[in-house]
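Please treat every number below as a calculation from the coordinates, not as lab data. Predicted, not measured: the structure shown is a model, and the values here were computed from it. Cβ: placed from backbone, ideal geometry, glycine included. Neighbour counts: every protein chain shown.
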Amino acid sequence: MLIQHGNTECNMAQMNPMRKVLLSIASAALYCGIFYVDLYYLPSEIQLLIPYLIVSCFCTVLVGPRTGLGFSTLAIVFWIASKTQVFSEFRTAVYIDLAIKITFVFGMYLLMRYIRKLLIEREGLLLIDDVTGASSRRGFFHLANFELAKRNDRGNYSSLFYIDLDNFKTVNDTLGHQAGNLVLKEFARVARQAVRGGDIFGRLGGDEFCLLLSNVSQDQVEMISNRIVQGFSAVCKANHWVTTLSIGIYSTREKQDIHALIKEADELMYEAKRGGRNQVKRLAIS
């Protein structure tokens, strides 16, 4: 399934292709500049490998491993090309020095590739809620902004569910935090089973969740909300939990940002709370 709740990619991994191209072009221009200075302005005994290395490390971390490998290779080629006079002497010490530098450059490449992997994993963890496995607040906004920015179809709706778990504090206070976490996990499980493959589901904090449905009909909105309410009600009844759901659902065909959608859905959710809780309030704007 393609449900975007725990499968989030970080900004580094999702960098715009055009930005990658521009960074690569800028790096290539820097290489050419370093090579020109090294070839025409500096004596052969001065080593300018470090500037090449800085650029290749930058490319490996920010652009990607393949680009970084290419620039690491170019670093060695450009450096050798600028030192042709030194290498024409065929001294053993020169080639030992070359071998050391090649090892160092590609060792740094492997280190930067590993650092990039750690950064992606770390940011990925920040995008996932560790209790429920849903997107975290940060992850939800990241995915929702990306999804809404590419929306062009005005035929169907974008729908935002703002969901609050009623009486959750009572469960926490009477049964303990472990029971409270279990309630959150079970709700997240029910919600994931109710939604479609590309829908975006996240926990904003505490007992509040959001669900973004793109390119959806009102019949689908009603079907998914019924699945969530009925599914969670059955779980609560089986576990003797007093928790219910207050849900606000705002749907629009207009292209709006995530903050505008949340504001409208949040107001509908509070209307459901004021109306006695355990209900769904919907508003669709054509």
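Below, the figures for the structure above:
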| read-out | value |
| --- | --- |
| Within straight-line cross-link reach of residue 263, lysines at Cα separation under 24 Å, skipping those fewer than 8 residues along the same chain | 150, 169, 255, 273, 281 |
| Mean Cβ count within 10 Å, highest first, over the residues of peptides 221-228, 181-188 | 181-188, 221-228 |
| Charge context of residue 66, other residues only, Cβ under 11 angstrom, K/R +1, D/E -1 | +2 |
| Point-to-point label distance, residue 103-residue 32, nm (Cα→Cβ direction, 7 Å offset) | 3.5 |
| Cα pair count fraction exceeding 20 Å, expressed as % - the range 193-283 | 35 |
| Highest average packing first - 209-215, 173-179, Cβ atoms within 10 Å | 209-215, 173-179 |
| Residue 271 paired with residue 174, simple spin-label distance in nm, labels 7 Å along Cα-to-beta-carbon | 3.1 |
